[in-house]
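The values are calculated or read from the model by the stated rules, or taken from the named source; none is laboratory data. Being a predicted model, the structure only gives us computed values, none of them experimental. Ideal geometry is used to build each Cβ from the backbone, glycine not excepted, and the neighbour counts take in all protein chains shown.
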Amino acid sequence: MMSEYLLQPPHSIGMSLPNIASAPAEQDDAELVVASQAGDQDAFAILVQRHQRRVFNLVYRMLQQYDEANEVTQETFLAAWQGLRSFRGDARFSTWLHRIAYNCALKQLEQRKRDSALQVAMQAEAVDSDERIGDELEAHDRQAIVREHISTLPAKYRVVLVLRHLQEMTYEEMAEILTMLSGQ
């Protein structure tokens with residue numbers, strides 16, 4: 001039910017949000033989480049609206065594919081909605097949400113790796129590494145090469161670069177998220 005609401009402007013999803021206009025612009029995430037845990041979909045829609053860009057950016061930077069990032073972002077919010085009752089508030093909602101997004105993106109990367117290995121085995125073609133690197137240098141500008149190389153890093157290193165340089169998080173925010181991730 002919630003998946004049809006995700007990544008859509010409230011006016012286009014047929015969902016009335018009567019409290020949005022009257023809600024203070026700075027309404028606290030914690031208040032919205034409590035309301036969402038009680039089943040208030042309007043409150044959760046505000047949380048989605050508030051956090052979807054940052055979640056999408058994190059997922060996109062990890063996956064490097066727009067369509068996959070859209071799907072995984074939706075999976076993230078669906079997982080958050082389904083797991084919201086178990087959210088205890090030990091961390092900020094945004095930290096908890098980023099952890100879910102990271103895990104969903106990691107799952108997609110693992111699936112992609114399995115698919116890629118199968119495809120490589122089926123094609124049974126060997127590509128000369130030096131030639132491929134030379135072709136990349138000629139075919140892409142520096143920014144594309146950097147993004148591509150970042151995508152080859154293990155997820156635990158890539159997430160640090162994404163959080164700091166692309167999400168522009170503070171070191172404190174990064175530490176909070178990474179501490180939660182290392183506790184898994």
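Residue by residue, here is whether (1) β-branched (V, I, T); (2) within 24 Å of R99 (Cα to Cα); (3) modelled with pLDDT under 75; (4) not in a helix (DSSP H, G or I) holds:
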| position | (1), (2), (3), (4) |
| --- | --- |
| M122 | no, no, yes, no |
| R132 | no, no, yes, no |
| Q143 | no, no, yes, no |
| S151 | no, yes, no, no |
| K156 | no, yes, no, no |
| V159 | yes, yes, no, no |
| H165 | no, yes, yes, no |
| E168 | no, yes, no, yes |
| L178 | no, yes, no, no |
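Read through the list (1) surrounded by fewer than 12 Cβ atoms within 10 Å (Cβ to Cβ); (2) at pLDDT 90 or above; (3) more than 22 Å from T179 (Cα to Cα); (4) not hydrophobic (A, V, I, L, M, F, W, C), then give the number of the only condition that E75 fails.
The number of the failed condition is (1).
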